[in-house]
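Data block below; observations after.
The values are calculated or read from the model by the stated rules, or taken from the named source; none is laboratory data. As the structure is a prediction and not an experimental result, all values here were calculated from the model. Counting neighbours? That spans all protein chains shown, and the Cβs are built from the backbone with ideal geometry, glycine included. Note: areas computed on protein heavy atoms with side chains; ligands, DNA, RNA excluded. Shrake-Rupley method; radii C 1.70, N 1.55, O 1.52, S 1.80 Å.
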Amino acid sequence: MKGLVAANLKMNLTGQQTLSLVKNYTKLIKKTRNDVVVCPSYTALHLVAPVIKKSKLHLGAQDIFYEQKGAFTGEISGALLKEFGCKFSIIGHSERRNYLKESDELVNLKVKGCLKAGITPILCVGEDAYSRDGGESFSFVEKQLRACIAGVEKKNIHKVAIAYEPIWALSTSANRRDITSREITQMHNYIRKILKDIYDVRTAAGVRILYGGSVNDQNIDEILKAENVNGVLVGAASLDAKKFARIIAAFDARKQ
């Protein structure tokens with residue numbers, strides 16, 4: 001399967017700053033055998049869309065609402081995002097779960113909303129330091145994942161990308177520590193096992209599992225030593241075009 005490398009620009013850049021960054025992306029990323037996605041702020045989508053149209057990049061959003069239209073002030077539907085050419089959307093990011101108190105039930109609705117709109121959801125799951133220190137990492141992620149993909153049919157699950165995002169390994173977390181490739185392997189293998197339990201072996205093998213814990217150009221090689229890493233979700237490092245290009249190059253160079 002194709003790998004998936006996604007840039008989450010978060011709420012960092014103005015429209016013009018985003019445009020400048022993405023133009024640098026297109027200069028540095030000429031070839032790739034994987035899907036590369038840039039997820040800017042909503043206000044920059046119309047600027048980025050024409051720039052990447054003939055490039056190796058795909059357009060993504062940082063979030064989506066689960067209904068396609070209606071009286072939902074301030075929300076953005078899949079139908080509206082499709083108008084800009086969005087093919088992907090991040091769903092259930094830890095920052096939205098934390099600051100905006102998004103529940104697994106809401107995330108589940110958003111996953112289904114993406115699929116209904118023909119947009120690939122990049123579904124984020126991951127435990128906090130409390131769960132990790134309490135030895136509950138696997139049970140936490142399993143409960144989260146099962147709730148977030150509840151009702152997603154077997155024929156559609158391959159359209160969902162799952163990003164493991166351990167909150168305790170994020171650069172914004174207090175008392176953070178680096179994750180090891182062994183720890184990534186353990187969790188990614190466990191996520192694959194959950195998918196096998198819900199669906200079947202063949203179906204589970206078709207789902208892309210990404211790693212998303214403070215990925216950068218310095219730790220990408222260690223991350224890629226892990227098993228079942230079909231892509232990465234990149235935050236701060238994606239604000240530097242050279243660093244992001246280095247991450248993509250490392251992923252492309254990995255033996256499949």
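Being closer than 18 Å to ILE122 by Cβ and either open to solvent by 30 Å² or more (accessible area, probe 1.4 Å) or assigned to a loop (DSSP other than H, G, I, E, B) (or both) is the filter here, so list the residues in the stretch 227-238 that pass it.
Of everything in the stretch 227-238, those that are closer than 18 Å to ILE122 by Cβ and either open to solvent by 30 Å² or more (accessible area, probe 1.4 Å) or assigned to a loop (DSSP other than H, G, I, E, B) (or both) turn out to be ASN228, VAL229, ASN230, GLY235, ALA236.
Run TYR130 past the list (1) of a type in the set (Ser, Thr, Tyr); (2) more than 26 Å from LYS2 (Cβ to Cβ); (3) modelled with pLDDT of 95 or more and report the number of the one that doesn't hold.
In the conditions (1) of a type in the set (Ser, Thr, Tyr); (2) more than 26 Å from LYS2 (Cβ to Cβ); (3) modelled with pLDDT of 95 or more, TYR130 misses (3) alone.
State whether one or more residues within the stretch 27-35 are of a type outside the set (Lys, Arg) and not in a loop (DSSP other than H, G, I, E, B).
Yes - at least one qualifying residue is present in the stretch 27-35.
Can you name the residue in the stretch 190-225 that is among the aromatic types (Phe, Trp, Tyr) and not in a loop (DSSP other than H, G, I, E, B) and, of all such residues, is least open to solvent (accessible area, probe 1.4 Å)?
TYR211
Which residues, counting only those in the stretch 108-166, are acidic (Asp, Glu) and in contact (Cβ under 8 Å) with a residue 60 or more places away in the chain?
GLU165
For residues that are polar (S, T, N, Q), within 27 Å of ASN156 (Cβ to Cβ) and within 17 Å of the chain's Cα centre (by Cα), tally how many sit in the stretch 180-236.
So the count comes out to 2.
In the stretch 1-26, which residue that is touching a Cys at 6+ places or on another chain (Cβ under 9 Å) and in a loop (DSSP other than H, G, I, E, B) is farthest from ARG96 (Cα to Cα)?
LEU9
Do any helices (runs of 4 or more DSSP H) entirely within the stretch 83-176 hold 2 or more residues that are over 17 Å from the mean Cα position of the chain (by Cα) and either surrounded by 22 or more Cβ atoms within 10 Å (Cβ to Cβ) or of a type outside the set (S, T, N, Q) (or both), and if so, which?
104-117, 129-133, 137-148
Out of ASN219, ASN230, report the one residue that is under 22 Å from LYS87 (Cα atoms) and not hydrophobic (A, V, I, L, M, F, W, C).
After applying the criteria, what remains is ASN230.
Taking the condition of being among the β-branched types (Val, Ile, Thr) and open to solvent by less than 20 Å² (accessible area, probe 1.4 Å), how many residues in the stretch 45-63 meet it?
2
Name every residue in the stretch 64-82 that is open to solvent by less than 20 Å² (accessible area, probe 1.4 Å) and either more than 28 Å from LEU170 (Cβ to Cβ) or not in a helix (DSSP H, G or I) (or both), in order of residue number.
Result: ILE64, SER77.
Tell me which of these ILE184 doesn't satisfy, since it passes every other one: (1) outside any helix (DSSP H, G or I); (2) in contact with a Phe, Trp or Tyr (Cβ under 8 Å, 6 or more places away or on another chain); (3) farther than 25 Å from GLY113 by Cα.
Checking ILE184 against (1) outside any helix (DSSP H, G or I); (2) in contact with a Phe, Trp or Tyr (Cβ under 8 Å, 6 or more places away or on another chain); (3) farther than 25 Å from GLY113 by Cα, the one that fails is (1).
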